[in-house]
Amino acid sequence: MSLPADYLEYPWRRHGMDHDRYPYLSLPERKPVSWPNGAKVALWVIPALEFFPLNPTGKPFKAPGSMVTPYPDLRHFTTRDYGNRVGIYRIFRVLDELGIPASVAVNSAVAERYPALLGEVTTRGWEVIGHGVDMDALHHSGLDEATEAAQLDKSLDSLRKHSGQLVTGWLSPAKSESFATPDLLGSRGIEYVCDWVNDDMPYAMTTSSGSLHSMPHSTELSDRQLLIDYHCSEDEYVDQVSDAFDCLLAEAGRSGGRILSLPLIPYISGLPYRIKAMRRALEYVLGHDGVWPATGAQILEAWRKGQG
Amino acid sequence: MKHDPALYEFWPYKDRPKITWPNGARIAFWVAPNIEFYELDPPQNPARKPWARPHPDVLHYAQRDYGNRAGHWRMMEAMDRCGVRGSISLSVALCQHHPEIIEACAERNWEFFSHGIYNTRYCYGMDEAQERAIIEDSLETVMAATGQRIAGWLAPALTHTERTFDLLAEYGIKYTCDLFQDDQPQPVHVRKGRLISMPYSLEVNDVIAYNSYLMSPRRYGDILKMQFDQLYEEGAESGTVMCIPLHAYLVGHPHRIGPFAEALEYITSHEGVWVTTAREIAEYYYEHHYADTCRLLGMTPGEEIK
């Protein structure tokens, strides 16, 4: 038995990346960025409003947070729903009291099911980020391009209609993409995508269509990864957000503006026993000079101005 | 299969009418010991295996059995010290297997509600007659053993069918602990009669804490206090509900009971805490808040079925 001959062929073995979506450019080589009013660290808070169907197909995999037990898994359906009914309202209250705007990633199913919830985002003047149809409508290469395009349009058309916003940011459900997703996003007025977690700063991506940028939506510092996957305590979560901020603030003194992104899942951070930890983490950040709380669109705009 | 169970209305936790509790309490606090019986050699349900290993799965069977032999008595003592009556989520076959436990709880005026017959018999795949049979068995078994008519339900091992809630209401069950969408009670859509969801605080269940989140006992004590602090604070605006769902096979171990008991003392030492049972919360809610809430949510208040 042997493997086919092409198993030892390496067509993309070259300087830089093994694809053409973006060139390699190390973080220290970047052009330093200036944020408005001389701020050093942009604070980008990104709650997600997600709908998990009771009867998921689970294709090509189950998104984190999806149903677990045999049908009908009311346990997971209702705990997720708790986030959209109760948890997010705790988060709204904390962000309001601290004066922090958010970019809210919204499944179009949530916008359609709970118009009042979407209204909480739009009346605050916060940004709506496209977040797919629901958490069982993943983007992946098992879909042909027309099917994926229709799925994308279904989400974006609905979100744009219901929010009245242009909707220029995109977070794929479960950060799952096909090879074509960036091309499809670029041709639909999406300016930035949050799925590529390979940087601390924005960078330009190459698409067959329009301009598209990657924005640093941190999975590693997300409430899901720290509190759920790593089983960190609330104090450990606060410590890690604080440590990340300290590092970015110090780097900003040498290298230009930095970004601290905080993804929040309402059914995780919005629980009664966790909400104060989220508040403490944000209070720590805001307790420093040079912090610019902003939306993703504002951060990208400021970054692009500085790129010349 | 349904995309959405459509069991209740979307009801944002904002600007809701104020919920009041007796004597101006801010929070209704209840403790739900799950007193369960797991069988050594249960029949197979096509949707779910009862045990991870081939039968007899001695390790896991015995791990559960620890609760009834040792853990329960320690847990009950900790609750006695704080004057907390349990609202028992009961595998009703325990009335046959361990009447000693039933008697001890009945003496303390604890509440019994149904958690199915055994925690190794799941509702997946049951036809309507079978599902009715477990409800009728629950009503009859608990009545015969304790004189109590069960008022609440937590499906065995959280296993349901699409008709579960309609049937519960039809039999006059007042509340279900199966829906985790809120920290306040809420009317549930049922075909006939009436039903409310009783907040069960699943996220601070000891099984979730120890087996899903792999917490240490002291951290579990901490989250119980933090959960209470937040709901107590919010309860100043409108009454909240906090439950501590327990399993003596976990919380009743010597290394875990201390931090739990300390959290219980912390919670019950506050002013404005209504230390009560789920039945009493449901009765109060029906009397003072149910009809208005139904109307607010565009639902027709259901008639009580006795």
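What follows is calculated from the coordinates using simple rules that are stated; it is not laboratory data. Given the structure is predicted, the values throughout are model-derived calculations rather than measurements. Don't worry about glycine lacking a Cβ; one is built from the backbone with ideal geometry, like all the others, and counts go over all protein chains shown.
From the residues B:T300, B:W11, B:P54, which one has its Cα farthest along the dipole of chain B in the positive direction, the dipole being from +1 and -1 charges on Cβ of Lys/Arg and Asp/Glu about the Cα centre?
B:P54
Net charge within 13 Å of A:S163 by Cβ-Cβ distance, Lys/Arg positive one each and Asp/Glu negative one each, not counting A:S163 itself?
Charge balance near A:S163 sits at -1.
Mean residue ellipticity at 222 nm from the helices of chain A, using -39,500 (n - 2.57) per DSSP H segment of n ≥ 4 over the full residue count, to the nearest 500 deg cm²/dmol?
-11000 deg cm²/dmol
What is the local net charge at A:L138, summed over the other residues whose Cβ is closer than 14 Å to its Cβ (Lys, Arg +1; Asp, Glu -1)?
Computed value for this residue: -2.
Using just the helices of chain B, give the 222 nm mean residue ellipticity in deg cm²/dmol: DSSP H runs with n ≥ 4 each add -39,500 (n - 2.57), and the total is spread over all residues, rounded to 500.
So the calculated ellipticity at 222 nm is -10500 deg cm²/dmol.
Could you check the simple spin-label distance between A:L25 and B:R218, using points 7 Å along Cα→Cβ, in nm with one decimal?
Calculated label separation equals 4.9 nm.
Roughly how big is the stretch B:22-296's charge dipole about its Cα centre, with Cβ charges of +1 (Lys, Arg) and -1 (Asp, Glu), in debye to the nearest 20?
With only Lys, Arg, Asp and Glu charged at Cβ, the dipole is about 380 debye.
Mind listing the long-range amide H neighbours of A:S34? Cut-off is under 5 Å, sequence gap 5 or more, other chains count too, H placed in the peptide plane at 1.01 Å from N.
A:G257
So in the protein assembly as shown, what percent of DSSP beta bridges are antiparallel if you round to the nearest 5?
10 percent
Taking amide hydrogens as modeled 1.01 Å from N in the peptide plane, which residues meet the under 5 Å criterion relative to B:I88, leaving out close sequence neighbours?
Sorted by chain and number, the residues that satisfy this are B:E111, B:F112, B:F113.
What aspartates and glutamates does B:K2 reach when the alpha-carbon gap must be under 12 Å and sequence neighbours fewer than 8 apart in one chain are set aside?
The reachable aspartates and glutamates, counting only those whose Cα sits under 12 Å from B:K2, are A:D73, B:E162.
Of all chymotrypsin sites (Phe, Trp or Tyr not before Pro) in the stretch A:237-306, which ones are in loop regions per DSSP and have a Cβ with at most 15 other Cβ atoms within 10 Å?
Here no loop site has a sparse enough neighbourhood.
Quick one: net charge around A:D200, please, counting Lys, Arg +1 and Asp, Glu -1 for every other residue with C-beta under 10 Å from its C-beta.
0
Counting DSSP beta bridges with both partners in the stretch A:34-307, what percentage is antiparallel, nearest 5?
10 percent
Compute the distance in nm between two label points, each set 7 Å from the Cα along the Cα-to-Cβ direction, one at A:D96 and one at A:D246.
3.4 nm
Residue by residue through the stretch B:194-205, which ³J(HN,Hα) values in whole Hz follow from phi under the Karplus form 6.51 cos²θ - 1.76 cosθ + 1.60 (θ = phi - 60°), with glycine and proline marked x?
Values, residue by residue: 8, 7, 10, 8, 9, x, 10, 6, 3, 5, 10, 5 Hz.
Among A:T207, A:T78, A:T147, rank each residue by its count of other Cβ atoms within 10 Å, from fewest to most, as a rough exposure measure.
Ascending number of Cβ neighbours within 10 Å: A:T147, A:T207, A:T78.
Could you tell me which of rounded, prolate or oblate describes chain B, using a ≥ b ≥ c as the square roots of the eigenvalues of the alpha-carbon gyration tensor, with rounded for a/c under 1.5 and, failing that, prolate when a/b is larger than b/c and oblate otherwise?
Taking the square roots of the gyration eigenvalues as a ≥ b ≥ c, chain B is oblate.
Rounded, prolate or oblate: pick one for chain A, where a ≥ b ≥ c are the square roots of the eigenvalues of its C-alpha gyration tensor, a/c under 1.5 means rounded, and failing that, prolate if a/b is larger than b/c, else oblate.
rounded
Once both labels are modelled 7 Å past Cα along the beta-carbon direction, what's the B:A236-B:W73 spacing in nm?
4.4 nm
Set the bar at 23 Å for Cα to Cα. Now go through A:K154/A:K175; A:K40/A:K276; A:K161/B:K14 and name every pair that lies beyond it.
The pairs that break the limit, which is 23 Å between Cα atoms, are A:K40/A:K276; A:K161/B:K14.
If you average the C-alpha positions of the stretch B:255-306 and of the stretch A:111-163 separately, how far apart do those two centres end up, in angstrom?
Using only Cα atoms to place each centre, the spacing works out to 37 Å.
What FRET efficiency comes out for A:E145 versus A:E112 if R0 is 25 angstrom and r is the Cβ-Cβ distance? Round to the nearest 0.05.
Once the sixth-power term is evaluated, E becomes 0.50.
Per-residue HN-Hα couplings for the stretch A:191-205, Karplus 6.51 cos²θ - 1.76 cosθ + 1.60 at θ = phi - 60°, whole Hz, x for Gly and Pro?
8, 8, 10, 10, 7, 8, 9, 9, 7, 9, 10, x, 8, 7, 10
Kindly state, to the nearest 0.05, the FRET efficiency for B:E304 paired with B:E271, given R0 = 25 Å and r defined as their beta-carbon distance.
The pair B:E304/B:E271 has a calculated efficiency of 0.15.
Ignoring GluC sites (Glu not before Pro) that are buried or in helix or strand per DSSP, and keeping those with at most 12 other beta carbon atoms within 10 Å, what is the longest stretch of chain A between them?
Counting only loop sites that pass the neighbour cut-off, the longest clear stretch is A:10-219.
Can you list residues from other chains, or at least 5 along the same chain, whose modelled amide H is less than 5 Å from the amide H of B:Q186?
Amide H neighbours of B:Q186: B:S197.
Suppose the chain between A:L3 and A:N55 were pulled fully straight at 0.36 nm per residue; how much longer would it get relative to their current alpha carbon spacing?
14.7 nm
What is the distance in Å between the Cα centres of the stretch B:174-224 and the stretch B:1-75?
Centre-to-centre distance over Cα atoms comes out at 8 Å.
Could you name the aspartates and glutamates whose alpha carbon sits less than 12 Å from that of B:K18, not counting residues in the same chain fewer than 8 places away?
B:E234, B:E237, B:D292
State whether the protein assembly as shown is rounded, prolate or oblate according to the following rule on the C-alpha gyration tensor (a ≥ b ≥ c being the square roots of its eigenvalues): a/c under 1.5 gives rounded; otherwise a/b larger than b/c gives prolate, and the remaining case gives oblate.
prolate
For the stretch B:57-155, place one equal point scatterer on every Cα, skip the solvent, and apply the Debye formula. What is log10 of I(q)/I(0) at q = 0.13 Å⁻¹?
Summing over Cα pairs of the stretch B:57-155 leads to -0.49.
So which chymotrypsin sites (Phe, Trp or Tyr not before Pro) in the stretch B:96-151 pass both tests, a DSSP loop state and at most 11 other Cβ atoms within 10 Å of the Cβ?
Here no loop site has a sparse enough neighbourhood.
When DSSP beta bridges are limited to those with both residues in the stretch B:22-296, what percentage is antiparallel, rounded to the nearest 5?
Once the DSSP bridges in the stretch B:22-296 are tallied, antiparallel ones form about 10 percent.
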